[in-house]
Every structure is written in structure tokens, then in C-alpha cells.
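**Student:** I have a structure here, written as C-alpha cells, and I will follow up with some questions on it.
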Amino acid sequence: MLGGYFLAGGGRPADPAHLLATLLGTALVIGCGCVINNCADRDIDRRMVRTCHRALALRTIAVPTAASYAIALGVSGFGLLWAGSNRLACLLALVGLVIYAGVYTFWLKRRSHWGTLVGSLSGAMPPVIGYCAVSARFDATAMMLVVVFCCWQMPHSHAITVMRREDFRAARLPLLSLSQAHRQIQTYTLAFCASTLVLGVVARMDILYFAVVSALGGYWLALANSSVRRVDPARWARSIFGFSILLVMALNLMLALSSLCRATCESSWANQQADRVLQSARIHAPVYRHAPASLSRSPS
């Protein structure tokens, strides 16, 4: 969320209270979606080593209690976004929640591997919410943020399915074959690299942004095409997954830093132009060293 927020704000929060409301409101809505997902997937979670220790899977928390908690989180989150941010941010949070808790959790997750792609839309919402909370509009930059973070989430999610393949089989969830997962990871990693460059052009980023995202994205792409995937798919997937965490943190940092540098340079250039105009006006203005004789005479 912070990367998009600072991208729109020129690297600086316009108002700390606005930033806090947007950050906390988004976090509460995400928490609401996670609790709903845990309620719906408690039967799946019991079959998976990765999730079998969750409270709902162990029945240490009753479903009605968890549902009430989800409602409280959602109401608090949307209330904060509506009152402390803006309506567009609130609407985008609602879209993300409906996609994740509704379309993905209750429909596609158990039916099709395409659920991963649909779910990635909800995963892309936080930075877009942050951006639109400041800009108050959904423009080309916001659209590119959706594309970039969707493309990032696909290799990230497919790497988990490769690492935890037996878990997903035990839960009887739809899975891609290893070769299909490899192709998906390679394709979306390449799409991520390309989309970050397009985002840089659309958002008018500086050279530092392009250098960092090109280097990190290129390394991720090299990992995706590594021959290790044929020898040890699980180890290969762990490297993809682990680097994806570093990559998304670096990307958010660069969105903030680059926009701060751009705003600082633009402000400095504007100040220089104003100084030049003022200096030019002083040079060309008429200067009277002595008062005219007619004005210096005292009245008789």
C-alpha cells in the first residue's frame, strides 16, 4: 500500500492522519478477507500441513465467532477508508474483498487453477488503494500498478504450489502440472519485468528506478529460467518465492524514493525558474538613482 501511496504523494505523506487512516483501513479490510477465507477453507486447511494448525481448522475458535470478527474488521476498515481517506479508496477495497472472499474463495479456488489469476487481482489492490487515496483518480498509473502487482503475484503463488505440491493434492485442489507451472512462472516473470518498465514510463520515474527494477527483475527472470527446475523443482520454487518477497519490498521502496526524487527535482527546477524570472525583472526594471528635479523642489 505504501509504495502506491508515496508514488502519488511525491514521496511524502500529505497528511499523517490521512496516511494512517488509509494504511489501517486497508489492513483491516485485508484482515476481514483472510478471516472469511479461513472460515470457508477450514476443511481444506485440516488436510494441509502448511495450514492444519490454524485456529478454525483445529476448532479452537467457533465459526460464528470468527464471522463476527470478520464483520467487525470489515466495518472498521471500510469506515476508516470512507471517513479518513476517500470514496475511491473505499470502493477499491470493496472490489478487492469481493474478488478474494467471494469469487476466489467461494467459487474458483476449488474448481479451477484460473483462480490464482483471479485472486491476484485482489492481491494487487493495496498499492492501488494507496495511490488512489492520494490522487483521487484511477488513471493510467493506477492501471499499471494493477498489472505489475498481478504479474508479480502469479510466480509468487505458483511457486507455493510447486513447493507444497503434496499439500495441494491432499486438499484436492486443482493443480497445474510441473511443466505448466514452470511455463506460467516464466511467462509472468517476463511480464512483470516488462510491466515495471512501462510503469516507470507512465509514472515518469527517474533513472535509479529503471536501474534497480531492471537488475532485480532480470535476476528473477534468470531464476525462473534456471536449469535447477528440472533437477530439484522444490528448491527452484523456494528460490523464486524467496526472491519475490525481496523484490516486492524493493519495488515499493523504489516507487517511494523515485517519486520523492522526481518531486524534489521538479520543485528545485520550479524555484530556479522563479528566481530567473525575478532576476530578469530586476535587471530590466527602470532604476531612478536621483529624484527628478521637479519632484525635489519644495513648494513655494
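**Student:** Examine the range 64-86 for a residue that is under 18 Å from A21 (Cα atoms), in a helix (DSSP H, G or I), touching a residue at least 12 places away in the same chain (Cβ under 8 Å) and within 18 Å of the chain's Cα centre (by Cα), and state whether such a residue exists.
**Tutor:** The answer is yes, given that some residue of the range 64-86 is under 18 Å from A21 (Cα atoms), in a helix (DSSP H, G or I), touching a residue at least 12 places away in the same chain (Cβ under 8 Å) and within 18 Å of the chain's Cα centre (by Cα).
**Student:** Looking at M144, M125, which one is within 20 Å of the chain's Cα centre (by Cα) and farther than 30 Å from R50 by Cα?
**Tutor:** M144
**Student:** Find all pairs meeting these conditions: Cβ atoms under 6 angstrom apart; at least six residues apart or on different chains; first residue within the range 232-248 and touching a residue at least 60 places away in the same chain (Cβ under 8 Å); second residue part of a helix (DSSP H, G or I) and surrounded by fewer than 17 Cβ atoms within 10 Å (Cβ to Cβ).
**Tutor:** P233/L178; W236/V228
**Student:** While we're on this one: Any residue at all in the range 193-203 that's of a type outside the set (F, W, Y), part of a loop (DSSP other than H, G, I, E, B) and more than 17 Å from the chain's Cα centre (by Cα)?
**Tutor:** No, the range 193-203 contains no residue that is of a type outside the set (F, W, Y), part of a loop (DSSP other than H, G, I, E, B) and more than 17 Å from the chain's Cα centre (by Cα).
**Student:** How many of the residues in the range 136-146 are part of a helix (DSSP H, G or I) and either surrounded by fewer than 18 Cβ atoms within 10 Å (Cβ to Cβ) or at pLDDT below 95 (or both)?
**Tutor:** 2
**Student:** While we're on this one: Just to be sure before I move on: is S135 among the small types (G, A, S) and either more than 30 Å from R87 (Cβ to Cβ) or touching a residue at least 60 places away in the same chain (Cβ under 8 Å) (or both) in the structure I sent?
**Tutor:** yes
**Student:** To continue, here is another question. Which numbered condition trips up K109, out of (1) surrounded by fewer than 20 Cβ atoms within 10 Å (Cβ to Cβ); (2) closer than 16 Å to N37 by Cβ?
**Tutor:** Result: K109 passes all but (1).
**Student:** Tell me, yes or no, whether the range 71-92 has at least one residue that is within 25 Å of L190 (Cβ to Cβ) and in contact with a helix residue (DSSP H, G or I) (Cβ under 8 Å, 6 or more places away or on another chain).
**Tutor:** Taking every residue of the range 71-92 in turn, none turns out to be within 25 Å of L190 (Cβ to Cβ) and in contact with a helix residue (DSSP H, G or I) (Cβ under 8 Å, 6 or more places away or on another chain).
**Student:** Test of understanding: among D167, D232, which residue is surrounded by fewer than 18 Cβ atoms within 10 Å (Cβ to Cβ) and either modelled with pLDDT of 95 or more or not aromatic (F, W, Y) (or both)?
**Tutor:** None of the other options fit; the residue is D232.
**Student:** A further question on this structure: Name the residue that is surrounded by the fewest Cβ atoms within 10 Å (Cβ to Cβ), counting only residues in the range 32-54 that are assigned to a helix (DSSP H, G or I) and acidic (D, E).
**Tutor:** The selected residue is D43.
The values are calculated or read from the model by the stated rules, or taken from the named source; none is laboratory data. Predicted model only: the values in this text are computed from it and were never measured. A quick note on method: Cβ atoms are made from the backbone with ideal geometry, for glycine too, and the neighbour counts reach across all protein chains shown.
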